[in-house]
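Written out below as structure tokens is the structure these notes cover.
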Amino acid sequence: MLPVKKEIVKHLNEIADMMEFNNENIFKVKAFRNGANSIRGYDGDIMVLIAEERLSDIKGIGKGIQPVILDFVASGNSKLHAELISGLPKGITELFSIKGIGPKKAAQLYHELQITDRSSLALAAENNLIAGLQGFGTKTEEKISEELQKITENEKFCLIDKGFRLLSELETKISGIKGVSKISYTGEARRINEIFSALEFVILAESAEYVQKESARFITESTLAESVIEGYYMALQVRIYVTSSGDQFYSTLFKTTGSPEFLSAISYAGQSSDSEEKIFKDLGFPYIAPENRESEFIESQWIKDYKLPELNLTDFKGHFHFHTSYSDGFNSVAEMVETAKQAGYDYSVVCDHSQSAFYAGGLTPAKIEKQLEEIERVRDSGSRVFQGIESDILADGSLDYPEEILKNFTLVVASIHSRLNLTEEEMTARIIKAIENPYTDILAHPSGRILLKRDPYPVNLFKVIDACAANDVALEINANPKRLDTDWRYLFYAREKGVKFAINADAHSADQIAFVNFGIMTARKAGITAGEVINCYSFDQFRQFASRKVSRRL
Ligand SMILES: [Zn+2]
Ligand SMILES: [Zn+2]
């Protein structure tokens, strides 16, 4: 039931967007936006309030919004939302989220240029019709073209969470086809790539023609050539390698799993066998787990003493770096801690945003006090939970609070969220300065990348890793599938330097705590073991870690 809050917030904001597009009364629009913010910031269980008909207890949830929420919770949609959307040109809402547009500008584009969707927007930009509109200009027009291009390009790719969801849907459908007796996904998914460009399977089946014919019900534009079916599923490329014997199945699986660079590095020349183990043996290697079949692995020290990856969620005890409704999270401290407990964690350290992250409701000194009281209440009810902070690294590399405040946190996660336009030298120096701060425990999402959306800012990660090693600061593997930052390709180097790691879901809602699994999958690619991960420390070990440089309240 927990994610419901997030969905209500989204629903109310969508209504506000559509009203804004329709140029409705600004106070009405604001009421919905404020309502969304109030719901987001509400600490209690929203379903209990609904059951007790006490929604109006939340400030900002007036008579106009209540029925919309009730309608949405009961049916998954609201009448108001449905009415608004049916009155809009189809495709216009996809413009609302394009960087630099939003509902207001979308309305202007619609009224002045009859732009109703992405393709008409692209056409107008191509013909330089947008630059002349009031409030746009040539620069904005160029930016819009770039954004559109990025969106179209990125539709060919997907992130790992969606990728696995689609793979599992497809696997069920393909397995259901008569004559398919064995199936495995392969390629980027089996190697645990952070981005998928295709959904690939190897199957053992009686007839490739029959599989193609049957799969055409869910795979579009499919073709069959040399026993490979190609087509699309949800705009993503699909490839199915159809084999007709066990030998062929395993050698195809082998061939399609390793990256081309890996296969050439191990001198694979098409050897065939009835198991992957035997193929490795013939090549003079131990069995190498699918996620390690990358050239980076071959080049790393780890190959000398290879052991299969063993890191598991059951090793995790400390839940760090997550957000609550005190900043931009969706759930209360108690809800987050309870969900973490259910996932097997033994202790939690809340790390909400710091004061400079005002756009994310960062914690002012007064809010820190208030949150601490709540954390203590949750602790008194029997949960091991402490107060930390995700402190912004300011432009000059200092942390976001004076020492009198910093010293009260149990754990400090340092990270960059703004001023991304520095040179590589400046950015590297800025981050290293934060790492050298004795209060810093974890460097979070060190490259700032948002996969398929924003490139990493320029930074020398090797130097950053050296600084983490020298200052005993843990390097984060941010497990949010949009980030997966630190990039796994740097983890081999970090391991060689003896750096400690923190694998954090950076959860902004209770359901996102499960993101940690993507971080674990990423860490396994570099062979990281529980002993290297501070989240796997027992509470006593954690206590020692937290106080290794400065004394901490624990
Ligand atoms: Zn962050
Ligand atoms: Zn965060």
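Just a few scattered comments:
- Whenever a residue of region 495-512 is touching a residue at least 12 places away in the same chain (Cβ under 8 Å), its partners that are within 12 Å of ligand 1 (Cβ to nearest atom) and charged (D, E, K, R), lying with C-beta atoms within less than 6 angstrom and at least six residues away or across chains, give the pairs ALA502/GLU476; ASN504/GLU476.
- Matching option when the condition is over 18 Å from ARG40 (Cβ atoms), in the same structural domain as ALA434 (by TED's automatic domain parsing), touching a helix residue (DSSP H, G or I) at 6+ places or on another chain (Cβ under 8 Å) and not aromatic (Phe, Trp, Tyr), among VAL350, VAL333, VAL337: VAL337
- Positions within region 400-428 being crowded, with 18+ Cβ neighbours inside 10 Å, away from ligand 2 (no atom under 15 Å from the Cβ) and either basic (Lys, Arg) or part of a loop (DSSP other than H, G, I, E, B) (or both), in sequence order: TYR401, THR410
- Qualifying residue in region 307-329 (condition: over 25 Å from the mean Cα position of the chain (by Cα), away from ligand 2 (no atom under 16 Å from the Cβ) and over 28 Å from SER538 (Cβ atoms)): no
- Look at (1) free of Cβ contacts under 8 Å to residues at least 60 places away in the same chain; (2) within 16 Å of ligand 1 (Cβ to nearest atom) and you find that VAL516 fails only one, number (1).
- Checklist (1) within 28 Å of the chain's Cα centre (by Cα); (2) over 30 Å from THR152 (Cα atoms); (3) assigned to a loop (DSSP other than H, G, I, E, B) applied to PHE72, failing item: (3)
- Residue within region 345-357 that is within 14 Å of ligand 2 (Cβ to nearest atom), part of a loop (DSSP other than H, G, I, E, B) and not hydroxyl-bearing (Ser, Thr, Tyr) present: yes
- Cβ-Cβ under 9 Å pairs, at least 6 apart or on other chains, region 444-466 side in contact (Cβ under 8 Å) with a residue 60 or more places away in the chain, far side in a loop (DSSP other than H, G, I, E, B) and of a type in the set (Asp, Glu): ALA444/ASP506; HIS445/ASP506; LEU451/GLU194
- Search result, residues across region 451-494 that are modelled with pLDDT under 95 and either in a strand (DSSP E or B) or not assigned by TED's automatic domain parsing to the domain that holds ILE389 (or both): ARG454
- Qualifying residue in region 186-196 (condition: of a type in the set (A, V, I, L, M, F, W, C) and part of a loop (DSSP other than H, G, I, E, B)): yes
- Yes/no for LEU406 being at pLDDT 95 or above, within 16 Å of ligand 1 (Cβ to nearest atom) and either farther than 17 Å from ASP43 by Cα or of a type in the set (S, T, N, Q) (or both): no
- Region 411-445, residues that are within 11 Å of LEU399 (Cα to Cα) and hydroxyl-bearing (Ser, Thr, Tyr): SER415, TYR439, THR440
The values are calculated or read from the model by the stated rules, or taken from the named source; none is laboratory data. From a predicted model like this one, the values you see are computed outputs, not experimental measurements. Neighbour counts are summed over all protein chains in view; Cβ atoms, including those assigned to glycine, are modelled from backbone coordinates with ideal geometry.
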